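A quick write-up on the structure given underneath.
The values are calculated or read from the model by the stated rules, or taken from the named source; none is laboratory data. If you're wondering where the values come from, they're calculated on a predicted model, not measured in any experiment. Cβ sites come from the backbone with ideal geometry, for glycine too, and all protein chains shown count toward neighbours. We work out accessible area using only protein heavy atoms, side chains counted, and drop any ligands, DNA or RNA first. Shrake-Rupley method; radii C 1.70, N 1.55, O 1.52, S 1.80 Å.
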Amino acid sequence: MKFELPKLPYAYDALEPFIDARTMEIHHTKHHQGYVDKLNLALEKYPELFEKSAEDLLFEINQIPQEIRQAVINHGGGHSNHSLFWTIMEPNGGVEPTGILAEAVNKEFGNLTVLKDKLTNAGLNRFGSGWAWLVVNNGKLEVYSTANQDSPLMERKMPILGIDVWEHSYYLRYFNRRDEYLKNWWHVVSWRRVEANYSKALKK
Ligand code: MN3
């Protein structure tokens, strides 16, 4: 089955004022849709690959035919990364985690503020376009960033939180001020969903 653009779990204006409605709409209907369309196009010659999820394609990236591998990295990555991104944001977000994620964060980073600073810096220091990530790597939490749409899944790391730092995710409201976007992004993070992703990632 061809890949499809997932519906947003909230309205385009739900994350205002931190992320504006116009940005959300263009980001979802143009950028994310573009990754979905180009992923579908790339797989046309290998229709058996439509049976896999984008996540499986990325996880087994070395088994993808050479001629479409970079397209799967770019557009499969774009599809997978954005599908995660929409779900780890929510209106009235920022409610701090209290369960197993909070425990792991305190153990590995000291406290949540340290983790947020690390993620913010990962996003700030990513030159050009890319993502800041909180991943589970061999059962442990890790912060890092990737360029372009490169997915942590290609390195066998399970992404549980990703912050899009491509300019298209903030330029209309914040212009060149990525630091301000990242500071405000914490108002929309859904730690509840990140925690659910964490508990799933531990089982893999
Ligand atoms: Mn994006």
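What are the equivalent ellipsoid semi-axes of the chain, built from the alpha-carbon gyration tensor (square roots of five times its eigenvalues), in whole angstrom, biggest first? Don't skip to the answer; put the middle values down first.
Values: eigenvalues 139, 87, 46 Å².
Each semi-axis is the square root of five times an eigenvalue, giving 26, 21, 15 Å.
For region 50-143, which whole percent of the accessible surface, found with a 1.4 angstrom probe, sits on carbon and sulfur atoms? Could you put the intermediate results ahead of the total?
Details: 2020 of 4450 Å².
Taking all protein chains in place, region 50-143 shows 45 percent carbon and sulfur surface.
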Given a Förster distance of 30 Å, the FRET efficiency implied by the Cβ-Cβ spacing of residue 112 and residue 156, rounded to the nearest 0.05, works out to 0.70
Normalise the Cα radius of gyration of region 21-87 by 2.2 N^0.38 Å (N = residues in it) and let me know the number.
-> 1.12
At 1.306 mPa s and 10 °C, Stokes D of region 99-202 from Kirkwood alpha-carbon radius, µm² per second | 114
Label region 115-167 by shape, choosing from rounded, prolate and oblate, from the square roots a ≥ b ≥ c of the eigenvalues of the Cα gyration tensor; if a/c is under 1.5 it is rounded, and otherwise prolate applies when a/b is larger than b/c, oblate when it is not.
-> oblate
Top to bottom by accessible area (1.4 Å), largest first, where do 112, 124, 43, 172 land?
-> 172, 124, 112, 43
So what are the ³J(HN,Hα) numbers for region 69-81, from phi and the Karplus equation (6.51, -1.76, 1.60; θ = phi - 60°), rounded to whole Hz, Gly and Pro as x?
-> 4, 5, 5, 5, 4, 6, 8, x, x, x, 5, 5, 4
What value, in deg cm²/dmol to 500, does the helix sum -39500 (n - 2.57) over DSSP H runs of n ≥ 4 give at 222 nm once divided by the residues of the chain?
-> -12500 deg cm²/dmol
With r defined as the distance between the Cβ atoms of residue 96 and residue 37 and R0 fixed at 45 Å, what FRET efficiency is calculated, to the nearest 0.05?
-> 0.75
For residue 2, go through the lysines and keep the ones whose alpha-carbon is under 16 Å away, minus same-chain ones fewer than eight residues off.
-> 38, 45, 52
Under 18 Å from the Cα of residue 183, which aspartates and glutamates turn up, not counting those fewer than eight places away in the same chain?
-> 16, 20, 90, 96, 117, 164, 167
Measuring from label point to label point, each 7 Å out along Cα→Cβ, what is the residue 22 to residue 168 span in nm?
-> 1.7
If each of residue 124 and residue 148 carries a label point 7 Å out from its Cα toward its Cβ, how far apart are those two points in nm?
-> 2.7
Two-site label geometry, residue 2 and residue 199: point separation in nm, points 7 Å out along Cα→Cβ = 3.7
